[in-house]
1. What ranking, highest mean first, results for peptides 75-82, 1-8 when packing means the other Cβ atoms within 10 Å averaged over each residue?
2. Just to confirm a number: summing +1 for Lys and Arg and -1 for Asp and Glu over residues other than Ser13 whose beta-carbon lies under 14 angstrom from that of Ser13, what do you get?
3. So who's got an amide H within less than 5 Å of the one on Leu62, skipping anything under 5 residues away but keeping other chains? H placed 1.01 Å off N, in plane.
Amino acid sequence: NTMASILIDDSGSMSSTDPQRLRAGAAQAFWQAFLAARAGNQVAVLDFGAGANSGFVATRLLQDFTSDLSLLQATLSSIVASGSTPLYR
């Protein structure tokens, strides 16, 4: 089994640089191909710029590792531009 994480920029600048939310469609295309490639593959989806989960500085876990397409599909509504762009040292 192989695991992959998708980290999506959800900072406020995405409202002008990605107004059609192409990053959401690209994430969806990736996980569909990745999960179809081998049984047992799993994907997690995270974003940065819009908030943070405990344990992360500027990253939020939208969906933990799963192979469930309906759970991954549900994360698409969470992909919205807001906040500022976190800069790392």
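Read-outs throughout are calculated quantities, based only on the coordinates presented, and are distinct from any laboratory measurement. Keep in mind the model is a prediction, meaning the values are calculated, not measured. Here the Cβ positions follow ideal geometry from the backbone for every residue, glycine too, while neighbour counts run over all protein chains shown.
1. Per-residue mean Cβ counts within 10 Å order the peptides as 75-82, 1-8.
2. That works out to -2.
3. Excluding prolines and chain starts, which carry no amide H, the hits are Val45, Leu46, Asp47.
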